Amino acid sequence: MGRRKIAIQPITDERNRTVTFVKRKAGLFKKAHELAILCQVDLAVIIVGHNHKVYEFSSDNTQELLKKYNTASKIQEQKSPGDYGDYVKKSRISRDPNGRR
């Protein structure tokens, strides 16, 4: 049996929010590391916490990656939080009841 789904909304309790942040940050950095290795891509993840503390993971020198980003002639794909909701809806619609596309 899988984990239950949680509602994606702000966590009001500061202690729970901090614990969730620490765990999810570690998971995000782990996934970024795996993506960099498996797909042989350079990537950087930068998080600015509510306390203005900066957390960073980079598969290469972050400053070099930012230079590449700033000098890129065209960004291939850019997503925002608003795009994510539509993506989830589209992917659910495109699957058949057995979970296949």
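The values are calculated or read from the model by the stated rules, or taken from the named source; none is laboratory data. Model, not experiment: these values are computed from the prediction. When we count neighbours, we look across all protein chains shown, and the Cβ atoms used for this are built from the backbone with ideal geometry, even at glycine.
Entry remark, segment 36-46: residues being under 11 Å from Ser59 (Cα atoms) and over 11 Å from the mean Cα position of the chain (by Cα) number 6 in total.
Being closer than 30 Å to Ala7 by Cα and modelled with pLDDT of 75 or more holds for only one residue in Ile37, Ile93, Ile46, and it is Ile46. Please tell me if His52 is out of contact with any Asp or Glu (no Cβ under 8 Å at 6 or more places or on another chain) and either polar (S, T, N, Q) or exposed (fewer than 10 other Cβ atoms within 10 Å of the Cβ) (or both). Yes, satisfied.
Residue under question is Gly27, and the condition is that it be loosely packed, with under 11 Cβ neighbours inside 10 Å, part of a helix (DSSP H, G or I) and not aromatic (Phe, Trp, Tyr); does it hold? Yes: the conditions hold for Gly27.
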